[in-house]
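**Student:** Take this structure, written in structure tokens, and hold onto it; I'll ask about it next.
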Amino acid sequence: AEFENYKILLEYKWGELSHEPRLENARDCGLLLHSRGEDGGSQGIWMHSIECQMIEGGTGDFIVVGDGTEAFQITCKVETDPHGNHFYAREGGHPLTISGGRINWWGRDPEWQDVLGFRGRQDVEKPVGEWNVLECVAAGDEITVKLNGILLNKATAVKPDKGRIQIQSEAAEVFIRRIELTPI
């Protein structure tokens, strides 16, 4: 089914196991919102969507898992890192619209590395084995992301503004004990 104007709450924790091809990489998963099209439309695996990333050190990032067109895009207020390579959510930043790529949550460590167990200096996610509460609110053409009650990221002018919901797993053990989908 397609959903619009909702809050989705996902309670999860990372397990100890990881699998090929990500044995040494950060534990990785995702909550894919407003999914459209065919299964496997993106990289032969997922439907095109707007992803709320769940990865050690980067939970709360937005990734546009789109087709490269304006059909899948978001606008966020951002600042750029000193090297001009990455965008970080900033309430007072300049608006940036993307139809591919990512917008990092405001506290993602600039020294982030794709290694198992990575912890950033400002991480809101709890350590491996402890429960986290991820909350995404999709209202109209906006999506907000909170982790453990802290606002991490906000997108506006989201396209599409409704669709299916997918839970992504990328070779890391993740436990989910609660999913609540509430219309708003």
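The values are calculated or read from the model by the stated rules, or taken from the named source; none is laboratory data. Note that the coordinates shown come from a computational prediction; the quantities given were computed from them, not determined experimentally. Note: ideal-geometry Cβ built from the backbone for every residue, glycine included; neighbour counts use all protein chains shown. These accessible areas exclude ligands, DNA and RNA; they are computed on the full protein's heavy atoms, side chains included. Shrake-Rupley method; radii C 1.70, N 1.55, O 1.52, S 1.80 Å.
**Student:** Name the residue, out of I45, I103, I74, whose mean-square fluctuation peaks in a Gaussian network model built on the chain with Cα pairs under 10 Å.
**Tutor:** Among I45, I103, I74, the largest mean-square fluctuation in the Gaussian network model of the chain belongs to I45.
**Student:** Let me check I've understood the local charge: for L10, count other residues with C-beta under 9 angstrom from its C-beta, Lys and Arg +1, Asp and Glu -1. What total comes out?
**Tutor:** Its environment carries a net charge of -2.
**Student:** Okay, moving on. Counting heavy atoms of the protein chains only and a 1.4 Å probe, report the per residue accessible area for the chain as a whole number of Å².
**Tutor:** On a per-residue basis, 48 Å².
**Student:** Once you keep just the Cα pairs under 8 angstrom separated by 6 or more residues, what percentage relative contact order results for the chain?
**Tutor:** Working: 495 pairs, mean separation 67.8, N = 184.
Reported as a whole number, the value is 37 percent.
**Student:** Rounded if a/c is under 1.5, else prolate if a/b is larger than b/c, else oblate: which is segment 1-48, with a ≥ b ≥ c the root eigenvalues of its Cα gyration tensor?
**Tutor:** Judged from the Cα gyration tensor, segment 1-48 comes out oblate (a/c at least 1.5, b/c at or above a/b).
**Student:** Additional query: Search the structure for amide H atoms under 5 Å from the amide H of G15, placed 1.01 Å from N in the peptide plane, and list their residues when 5 or more places away or on another chain.
**Tutor:** Long-range HN contacts for G15: E173, V174, F175.
**Student:** Looking at (i) -0.28; (ii) -0.42; (iii) -0.49, which value of log10 I(q)/I(0) by the Debye sum over Cα atoms at q = 0.09 Å⁻¹ comes from a calculation on the structure shown?
**Tutor:** (i)
**Student:** All other residues with a Cβ under 14 Å from the Cβ of V133 taken together, and with Lys, Arg as +1 and Asp, Glu as -1, what is their net charge?
**Tutor:** Combined, the nearby Lys, Arg, Asp and Glu give +1.
**Student:** In whole Hz and in residue order, list the ³J(HN,Hα) couplings for segment 127-134 that follow from phi through the Karplus curve 6.51 cos²θ - 1.76 cosθ + 1.60, θ = phi - 60°; x for Gly and Pro.
**Tutor:** So the Karplus estimates, Gly and Pro as x, are x, 3, x, 9, 6, 10, 10, 9 Hz.
**Student:** With +1 on each Lys and Arg Cβ and -1 on each Asp and Glu Cβ, and nothing else charged, work out how big the dipole of the chain is about its Cα centre, in Debye to the nearest 20.
**Tutor:** Dipole of the chain, to the nearest 20 debye: 420 debye.
**Student:** With a 1.4 Å probe and all protein chains left in place, how much of the accessible area of the chain comes from carbon and sulfur atoms, in whole percent?
**Tutor:** Summing carbon and sulfur atoms, their accessible area is 50 percent of the total for the chain.
**Student:** Which of G101, G58, G40 moves most in a GNM of the chain, Cα contacts under 10 Å?
**Tutor:** G40
**Student:** Along its three principal axes, how long is segment 47-119 when you only count alpha carbons? Whole Å, largest extent first please.
**Tutor:** That gives 34, 30, 19 Å along the principal axes, largest extent first.
**Student:** Skipping prolines and chain starts, which residues have an amide H placed within reach, meaning under 5 Å, of the one on G120, given they are 5 or more residues away or on another chain?
**Tutor:** Close amide H contacts, sequence-distant or interchain: G57.
**Student:** Each residue of segment 167-184 in turn: what ³J(HN,Hα) in whole Hz from Karplus with 6.51, -1.76, 1.60 and θ = phi - 60°, glycine and Pro shown as x?
**Tutor:** These are the phi-based 3J(HN,Hα) values: 10, 9, 10, 10, 6, 10, 6, 9, 10, 10, 10, 7, 10, 10, 10, 10, x, 10 Hz.
**Student:** Another question about this same structure. So who's got an amide H within less than 5 Å of the one on N25, skipping anything under 5 residues away but keeping other chains? H placed 1.01 Å off N, in plane.
**Tutor:** L116
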